[in-house]
Amino acid sequence: MIDSRQLFAEFVRNGSETAFRELVERYLSLVYSVALRLVNGDRHLAEDIAQTVFVDLARLAPSLSRNVLLGGWLHRHTCFLAARTLRGERRRQSRERQVAEMNATPDHSAANLAQLAPVLDDAINQLGASDRAAIVARFFEQRDLRSVGAALGTTEEAARKRVNRALEKLHSLLGRRGIALSAAGLGSLLAAEAIAAVPAGLAATVSTGAIAGAAAGSGTALILLKFMSMTPLKIALVSALAGAVVVAAPFTVRRQAQSQLRNENESLRRQVAEFAQLSGENSRLSNELAQASRTSALATDEHAELLRLRGLVAGLRQETEELAHLRSDNQALRTQAAAASRAAAAPAANRQFSAVQMQNQCLNNLRQLDAAKQQYALERHLSATNSVVVENIQPYLRLPPNQTLPLCPAGGTYTLGRIDEMPTCSIPGHSLP
């Protein structure tokens, strides 16, 4: 069986008559029974109140919470409409006096319990929302404790405790009015008298009238309330007018639907125009974004090329500085070599060097050879593992025309080797550190 909340949501969402009729079938016994008690057994007036309650439900459905407990809402609204219809203060006081007189001689017969019914509903209406929902679900909707717990969002045991506490509170409220009835007696009364038999055909009448009344507008509900207090002649006239309203309701609904469709059509046209405008703006922004992306890509490439060129310039500057330094060292070594050559060409008597002087002269020659090797490698961008021969470095040495390498004062022989190696002399001790 579909849950009542789902049926209510279906009616609110789609205006489903089938869903609303099912709700009427489920809750009409509750509403009619409460109304019947409140109007002191006047079945015709109870039927009118039930009709009005479901008209209001159909009219107010969109404004109600989706999680509303329909049983509690219908019970409270039924009490409200009955009280407003009867202007019940005078009648309620009269009933209380009758109940007080009956309690003077305790008699819990079915007739006396039926006389307590209007006071009982008024007391139920004074309970808190959660207690009233528990009483209505247990005794008016006639659910078992497990179903009551599911409706209240609790367990079966918690629902049992909630119902018992609600009965105790109801017992206390009735006690203040002079009614001596135990909580167990209240439970028996509610179980026996809470629901009355609904007249045949009333469900169909209520469903049709409520749906038509909701479609015709909120004014129909007010007419129905006034309808309750009219004389038979007025009732006949108003019934004829109500029939005309029901007949005119479809035309009113049709005009409202046509007006709504025109408004929706105009809204759709505005949305289409706004969409076309947004599409054009989107295309323009896309083109600007693509152009900006291309410009950004070009700027990025130019920046990378600029950085690469700056790196090359820095490397060339460093190589130029190293070359100038090597040239300076080479010039000094050439000067030393020239002096050594002149000393070698002098008479033997003038070239008597000590061992230390010969070693120093040889070391100077080795430094000159290493400087020539480094300058040669730098200018030709050679790697450290390349080997150098005499012919490669002769242009960087200042020597007499017939001399290829500087001469070791001690008569040693020089070996050039690779670029990353120091030149060596065959004389022991004549080597660069």
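All of the numbers you see were taken from the coordinates with simple rules; none came from a lab. Note that this is a predicted model, so its numbers are computed, not measured. FYI the Cβ positions are ideal-geometry reconstructions off the backbone, even for glycines, and counts take in every protein chain you see.
Residue separation of residue 342 and residue 289 scaled by 0.36 nm, minus their Cα-Cα distance, works out to 11.2 nm of gained length. Residues within the reach of a label modelled at residue 260 (point 7 angstrom out along Cα to beta-carbon, backbone nitrogen below 19 Å), restricted to segment 59-77, are 59-64.
As a calculated quantity, the FRET efficiency between residue 144 and residue 87 at R0 = 35 Å, using C-beta atoms, amounts to about 0.35. With R₀ set to 22 Å, the beta-carbon distance separating residue 165 from residue 65 gives a calculated FRET efficiency near 0.35. The stretch between residue 404 and residue 267 holds 39.0 nm of extra length on full extension. This uses 0.36 nm per residue minus the Cα-Cα distance.
The modelled label-to-label distance between residue 301 and residue 177, using points 7 Å beyond Cα along the C-beta direction, is 9.4 nm. Other residues lying with their Cβ under 14 Å from the Cβ of residue 156 contribute a combined charge of +4, Lys and Arg counting +1, Asp and Glu -1.
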